[in-house]
Amino acid sequence: MNPKRLAGLALILLAVGCTSIENSLVFQPQPASEPYKAPPQPLQDIHFETADGTQIHARWAPHPFAKGAILYCHGNGGNIEQWGGAVRDLWNNLNESVLIFDYPGYGHSSGKPSESGCYAAAQAAYDWLVKEKKIPPERILIFGQSLGGAVAVDLAARQPHRALVLVRTFTSAPDVALDQLPVLPYSLLMNNRFDSLEKIKMCSRPVFLAAADQDRLISLRHSQRLRDACLAPSDFFLLKNMGHNDPLPPEFYSALRRFVDKH
């Protein structure tokens with residue numbers, strides 16, 4: 001079936017209240033690979049629980065020169081195995097330890113994907129850094145990419161932190177749906193909200209935003225609107241001639257280092 005017709009059918013089912021269709025569009029988890037293989041050193045596999053007892057699988061990459069940590073909230077697809085390259089690049093370029101975690105229903109994490117489950121997993125990861133690793137909140141950089149940007153904004157709006165980094169993320173889930181097929185009142189129909197545009201106003205620490213000018217999934221204007229809604233100081237980095245899934249260039253990390261050094 002033509003992709004546009006398939007998307008149209010999915011959104012029509014969404015319009016008549018098919019939550020499972022909506023969730024399949026928003027969340028695209030990948031089961032953990034079998035048999036299980038422990039990660040190479042210095043990576044460490046860890047587990048912690050959300051408030052409702054859901055088991056969350058995470059991976060800790062300690063850095064020998066770290067003064068704090070980066071809490072990485074990944075996108076809506078795959079699991080932490082597929083996001084290893086992003087963790088490595090942050091580890092190498094910022095000289096900080098990195099904690100990446102899977103949302104419920106992703107990889108080895110139990111439960112089923114949901115908006116509230118993503119927020120709960122991020123909170124549990126933050127608590128692990130503060131309580132188990134004794135990292136002061138003012139040394140935690142919250143980093144979110146794509147869907148993870150919305151998870152990061154929610155956490156940053158509620159918890160103290162050093163700064164917030166958002167990469168190719170969106171204002172809200174209904175706004176993304178409206179961009180893809182502008183025929184339905186998604187703000188009234190969708191259960192998954194991920195309303196970063198409203199929540200970012202409650203983020204009191206500096207914000208670094210990066211957006212791609214050739215992104216066909218999440219257009220540039222999402223990050224521009226988020227930047228304009230920030231009440232805290234913000235920096236904006238344009239990923240020129242890049243799409244949604246292109247690897248981040250060295251220039252991005254240089255700009256991010258300058259931002260982090262200021263804060």
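No lab work stands behind these numbers, since they all come straight from the coordinates. Fair warning: this is a prediction, and the values are worked out from it, not measured in the lab. Note that we place each Cβ from the backbone using ideal geometry, even for glycine, and neighbour counts take in every protein chain shown.
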Legend entry - Value of relative contact order over the chain, rounded to a whole percent, pairs C-alpha under 8 Å and six or more apart: 15 percent
Legend entry - Extended-chain gain in nm, criterion 0.36 nm per residue less alpha-carbon gap, residue 261 and residue 133: 43.8 nm
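By the gyration tensor of its Cα atoms, with a ≥ b ≥ c the square roots of the eigenvalues, what is the shape of the range 76-119: rounded for a/c under 1.5, prolate for a/b over b/c, or oblate?
On the way: a/c = 3.06, a/b = 2.24, b/c = 1.36.
Because a/c hits 1.5 or more and a/b exceeds b/c, the range 76-119 counts as prolate.
Take the alpha carbon gyration tensor of the range 100-235, find the square roots of its eigenvalues, order them as a ≥ b ≥ c, and report rounded if a/c is under 1.5; if not, report prolate when a/b exceeds b/c, else oblate. Can you show the working numbers first?
Values: a/c = 2.03, a/b = 1.28, b/c = 1.59.
Taking the square roots of the gyration eigenvalues as a ≥ b ≥ c, the range 100-235 is oblate.
Cα gyration tensor of the range 50-137, axes a ≥ b ≥ c as square roots of the eigenvalues: rounded (a/c below 1.5), prolate (a/b > b/c) or oblate? Could the numbers behind the result be given before it?
Details: a/c = 2.52, a/b = 1.40, b/c = 1.80.
Note, shape of the range 50-137 comes out oblate.
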Legend entry - residue 178 paired with residue 32, simple spin-label distance in nm, labels 7 Å along Cα-to-beta-carbon: 4.0 nm
Inset, instruction - Can you tell me the 0 to 90 degree angle between the C-alpha axis of helix 250-262 and the longest principal axis of the chain, rounded to 10? - result: 60 degrees
Legend entry - Calculated from backbone phi, Karplus (6.51, -1.76, 1.60) coupling profile of the range 219-231 in Hz, x at Gly/Pro: 5, 4, 5, 4, 5, 5, 5, 4, 4, 5, 7, 5, 9
Legend entry - Reachable aspartates and glutamates, given that their alpha-carbon falls under 20 Å from the alpha-carbon of residue 37 and they are not under 8 places away in the same chain: 45, 81, 102
Inset, instruction - With no solvent and one equal point scatterer placed on each C-alpha of the range 199-263, evaluate the Debye formula and give log10 I(q)/I(0) for q = 0.11 Å⁻¹, two decimals. - result: -0.26
Inset, instruction - Round to the nearest 10 and give me the degree value, 0 to 90, for the angle of helix 84-94's Cα axis relative to the longest principal axis of the chain. - result: 50 degrees
Legend entry - DSSP-defined antiparallel bridges as percent of all bridges, the range 44-262, nearest 5: 30 percent
Inset, instruction - Name the long-range amide H neighbours of residue 98: under 5 Å, sequence gap of 5 or more, or other chain; modelled H, no Pro or chain starts. - result: 61, 63, 70
Legend entry - Pairs from 67/112; 67/240; 67/201; 134/262; 201/262 whose Cα-Cα separation, in the structure shown, is over 25 Å: 67/112; 67/240; 67/201
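Ignoring everything except DSSP H segments at least 4 long, calculate the 222 nm mean residue ellipticity for the chain; use -39,500 (n - 2.57) per segment, divide by total residues, nearest 500. Numbers along the way, then the final one.
Working: 10 runs with 96 residues, N = 263.
Here the helix-only value at 222 nm equals -10500 deg cm²/dmol.
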Legend entry - Reach of residue 199 by Cα under 17 Å, taken over aspartates and glutamates that are not fewer than 8 positions away in the same chain: 115, 154, 175, 228
Inset, instruction - Given the peptides 221-234, 26-39, arrange them by the average over their residues of other C-beta atoms within 10 Å, most packed first. - result: 221-234, 26-39
